[in-house]
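The next block holds one structure in the form of structure tokens; read it before the comments.
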Amino acid sequence: MRLRVRSVPRLSGRIEVPGDKSISHRSALLGALAEGTTDIRGYLEAEDCLRTIAAVEALGAEVTRKGPGEYRVAGVGRRGFSEPVDVIDCGNSGTTARLLLGVLAGQPFWTFLTGDESLRRRPMKRVAEPLVRMGATVVGRGDGSRLPLGVHGLAQLKALAYESPVASAQVKSAVLLAGLHADAPVSVTEPAASRDHSEVMLRQFGARIERRGLTTTLTPGPLSAAQVMVPGDISSAAFPLIAAAIVKDARVTVAGVGLNPTRTGVLDVLSTMGVEMEIARHGGETSEGPRGTAAGEPRGDVTVSSSALRASDIGGALIPRLIDEVPVLAVAAALAEGRTEIKDAAELRVKESDRLAALARELGRMGVRVSERPDGLVIDGPARLRGASVTSGGDHRIAMALAVAGLVAEGETIIDDTECIATSFPQFADLLNALAGQCCVQVDE
Ligand code: S3P
């Protein structure tokens with residue numbers, strides 16, 4: 001499927017984006033692991049998160065769809081899963097595969113996981129290694145480093161104090177989820193703070209979890225069901241918000257978006273770049289834990305208006321706080337006055353595609369002066385973007401970033417291979433069209 005995008009003079013309106021992908025995955029997994037019934041509202045009904053629902057169903061949890069984005073998960077308890085009768089296909093979803101490996105490390109049976117072509121290329125050893133140290137068995141391609149993988153867990157794992165070499169919420173979460181089954185507290189120390197949705201939600205579900213500096217410690221124990229309200233995904237909101245910053249006459253509000261500080265790096269960078277932004281935080285908490293305890297996934301309405309952008313370097317501890325937003329931030333950088341250096345972002349090479357290579361190649365085709373570094377990009381702006389034939393390489397966030405670039409490019413931009421948008425943001429083109437008129441249309445071959 002191809003998307004044809006044309007430039008627009010104006011972008012305006014108030015929208016909501018679908019539920020947060022990271023929080024949705026976690027709500028299905030914790031709901032299944034908990035004792036009792038978990039009700040979820042705002043669940044992201046996109047391919048990746050539906051894979052996680054299918055996975056917990058394959059393990060024996062019952063999930064009922066009550067309405068759009070509303071699910072009821074009948075928890076089986078952390079020892080209640082049963083051996084799946086078939087291979088679990090995680091599709092394109094790294095979060096499904098990696099968090100599930102953590103859950104399965106505590107299950108005393110074999111489960112086999114696979115994924116699509118992109119996911120089968122992505123590194124799994126980073127998760128398998130600590131789980132094996134805790135007592136799980138992981139076998140598969142590349143000595144257990146690539147899907148398909150088979151995992152056999154233990155009902156009681158050895159505790160671990162893990163020093164993670166990467167700032168990865170997926171690695172941290174897998175070890176913490178396995179830790180629910182350990183014989184003593186488990187800790188993970190990361191080199192920089194990654195998103196803490198697992199910690200927030202585990203606490204909501206009654207787990208004892210503490211954070212000191214960059215170390216998170218979980219005390220093993222059962223989980224009890226909770227009510228989860230998933231906020232809008234800031235990673236999806238970043239596309240219309242950056243579109244508003246770069247289109248000449250624009251003002252866009254994304255309502256009800258998650259504002260967890262471990263995810264808001266994109267807003268910090270946009271403000272340093274001179275973007276006009278208003279944030280109206282919603283009062284109170286949005287999710288409830290057992291016994292009505294509040295849990296903190298803050299949310300709010302974010303409004304961005306057309307702005308004169310200036311370059312701002314991106315690196316260090318900021319990277320994990322905006323890792324998924326780099327593709328669309330690169331588009332903002334291309335339109336900013338001055339040189340932007342993106343550093344310390346080698347992780348982008350092992351996402352759904354090699355995003356550094358893809359951005360350098362495809363934005364280059366659109367007239368951006370961009371060069372690739374081993375761990376980042378150097379972008380000289382402002383560019384005069386020209387419409388071109390570009391490709392997502394099967395990566396949803398590259399596809400959407402190129403569409404945002406197309407909104408300010410001279411002539412038409414044709415983006416190839418855009419089915420992948422459905423993995424995280426199926427409404428993307430419709431929402432852009434609602435803000436700008438018919439700017440983004442699907443062209444079938
Ligand atoms: C995610 C963590 C990030 C992010 C991914 C979702 C999560 O990956 O890129 O889209 O839900 O934990 P890493 O933790 O591997 O950096």
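Quick look at the numbers
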| quantity | calculated |
| --- | --- |
| Alpha-carbon Debye profile of segment 148-236, log10 I(q)/I(0) at 0.10, 0.18 Å⁻¹ | -0.27, -0.84 |
| The chain - Rg and Dmax from Cα coordinates, angstrom | 21.1, 62 |
| Carbon + sulfur, % of accessible area of the chain - ligands and nucleic acids excluded, 1.4 Å | 48 percent |
| Longest to shortest principal axis, alpha-carbon extents of segment 21-229, angstrom | 41, 37, 29 |
| Label-to-label distance, nm, for residues given as residue 57 and residue 357 (7 Å Cα→Cβ offset) | 3.6 nm |
| Å² per residue, accessible surface of the chain at 1.4 Å | 36 Å² |
| Full-extension gain in nm, residue 346 to residue 384, via 0.36 nm per residue minus C-alpha separation | 10.9 nm |
| Full-extension gain in nm, residue 278 to residue 375, via 0.36 nm per residue minus C-alpha separation | 31.7 nm |
| Length gained when the stretch residue 114-residue 137 is fully extended (0.36 nm per residue, less Cα-Cα span) | 6.7 nm |
| Per-residue [θ]222 nm for the chain (sum of -39500 (n - 2.57) over DSSP H runs n ≥ 4, rounded to 500) | -9000 deg cm²/dmol |
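The values are calculated or read from the model by the stated rules, or taken from the named source; none is laboratory data. Since we're looking at a predicted model, the values are computed, not measured. Please note: Cβ atoms are built from the backbone with ideal geometry, for glycine as well, and neighbour counts cover all protein chains shown. Side chains are part of the model used for accessible areas, which takes the heavy atoms of the whole protein and leaves out ligands, DNA and RNA. Shrake-Rupley method; radii C 1.70, N 1.55, O 1.52, S 1.80 Å.
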